[in-house]
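Report on one structure; see the data block that follows.
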Amino acid sequence: MDSLGVLLVAPMNAYLEQELDRRCRLFRLWESPADRRDDYLRAHASSIRAVVPYAHQGVDAAMIDALPSLEIVSSFSVGIDRIDLDACRRRGVRVTNTPDVLTDDVADLAVGLAIAALRKIPQADRYVRAGKWKSKGDFTLTTRFSGKRVGILGLGRIGLAVAKRAEAFDCPISYHSRSEKPFPKYKFYPNVVDLAANCDVLVVACSLNPETRHIVNRKVIDALGPEGVLINIARGAHVDEPELISALLEKRLGGAGLDVFEDEPFAPEQLFELDNVVLVPHVGSDTEETCRAMADLVLQNLEAHALNQPLLTPFSGKRVGIIGLGRIGLAVAKRVEAFDCPVNYYQRTKQDHPGYTYYPSVVELAASSDVLVVACPLNEHTRHIVNREVMEALGPRGVLINIGRGPHVDEAAMVAALLDGRLGGAGLDVFEDEPNVPEALLGMDNVVLVPHVGSATHETRTAMADLVLGNLEAHVAGKPLLTQVV
């Protein structure tokens, strides 16, 4: 493939650039000043046989016309909306993208954005870091994701992956596509307004084309309503951005989680101060694993083209270890299975769950996990069950999640491990001396901190209150208590 001249339009991935430089004759478009790029293309036109664009910078008709030797456009993205496909067809230029390998990561982010928006996780993290938990008390109640009606706009690879994940949270699934799909347990709506009117969370996961541009307009947003949440992990132009902003400002839309924007990297400044949105900078596929897989797919397609072979288009979840496979641990397991995560666990005795791998010690569990979730009750045996030895076994790429109790974790050892890079990261809802959080954590960017809000949703607190009232009523009436402990 060393004779293949490849134009890389921007510095999109270091590994891809290095491999293209090693295997091909590489031309870097950005090395030419912006006002001289037409001259650069003319100078190398006869040598460039392939172009590698990505989501932010594509290949238009003018570039295709300027490259008479062009044979293939191999996009470092699943989206092809920035490639002039008609011009490619007219010239007989082959076009490839990177489907499948990014499906899981984008679907993960969709669910993550929905949970972050509904549970206000970024706001809760800021609340802890600003010292407000100590000075102002508990964070506001939020609303749960579990059980919400999820509507999906586009039931392709990514839409189906979102549906699979949301189902694990007991969410009823409905969808809109150009035609009804053979998934009888998902409800089909023939138009987007009807879909939005019948869901709590609307996820945009369709491809961008002239028909889907601004498919989420004022009518759709109004149908979703003041309790609804919009999640966009597709393309910014799917959503009428001014209408979205006005609906959020006027509280006609409950919230939004946005990975994409109409004029990237320029996100509308009106969104920055809104407390009902979560914004991320088009990172749906930006994990080390997926970017590497996408780069490999670009390279394989270029190699197949150079060898005149058929082009290719073809991934796995993190290993999740759970300490304590009780009600909460099992609920965690059910949810992460939908993300294709192998589940391991530690408990005092082996449980009757053959699909999950049992480890007789926490150190062994941590050594065999990428993410370790603490979900056991606190007692004298589980105090500091996550100690230095466990964290060393979890390692510098491992992530610790504590939704049990603060004293489950040796906090001093955890802080030291995070500072030293011996532990990759942590997500913490609980702490040893609440509401006092170790100050060393407040400046770290590899931790997410929330102020003990695990059950702090309107739905759960109402159910808890009803249970207290039910127990008191049963006691007064001389009936068996509903949840007797002693």
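So here's what we get for this one:
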| quantity | calculated |
| --- | --- |
| Complete set of residues in region 174-198 that are within 11 Å of Leu224 (Cβ to Cβ) and open to solvent by less than 50 Å² (accessible area, probe 1.4 Å) | Val192, Leu195, Ala196 |
| Arg405, sole failed condition from (1) more than 27 Å from the chain's Cα centre (by Cα); (2) open to solvent by 20 Å² or more (accessible area, probe 1.4 Å) | (1) |
| Flag for Val111 being open to solvent by less than 10 Å² (accessible area, probe 1.4 Å), under 12 Å from the mean Cα position of the chain (by Cα) and over 23 Å from Asn209 (Cβ atoms) | yes |
| Residue match in region 159-166 (condition: open to solvent by less than 30 Å² (accessible area, probe 1.4 Å), over 24 Å from Cys291 (Cβ atoms) and of a type in the set (A, V, I, L, M, F, W, C)) | yes |
| Helices (runs of 4 or more DSSP H) fully within region 142-252 counting 1 or more residues that are within 24 Å of Asp275 (Cβ to Cβ) and of a type in the set (D, E, K, R) | 218-224, 241-249 |
| Selected residue (criterion: farthest from Ser69 (Cα to Cα)) from residues of region 116-138 that are buried (at least 19 other Cβ atoms within 10 Å of the Cβ) and hydrophobic (A, V, I, L, M, F, W, C) | Trp133 |
| The one condition in (1) more than 20 Å from Ile121 (Cβ to Cβ); (2) part of a loop (DSSP other than H, G, I, E, B); (3) not acidic (Asp, Glu) that Leu419 fails to fulfil | (2) |
| Strands (runs of 3 or more DSSP E) contained in region 1-80 and holding at least 2 residues among the β-branched types (Val, Ile, Thr) | 50-52, 72-74 |
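The values are calculated or read from the model by the stated rules, or taken from the named source; none is laboratory data. Just so we're clear, the structure is a prediction, and the values are computed from it rather than from any experiment. Neighbour counts are summed over all protein chains in view; Cβ atoms, including those assigned to glycine, are modelled from backbone coordinates with ideal geometry. Note: accessible area is taken over every heavy atom of the protein model, side chains too, but ligands, DNA and RNA are not part of it. Shrake-Rupley method; radii C 1.70, N 1.55, O 1.52, S 1.80 Å.
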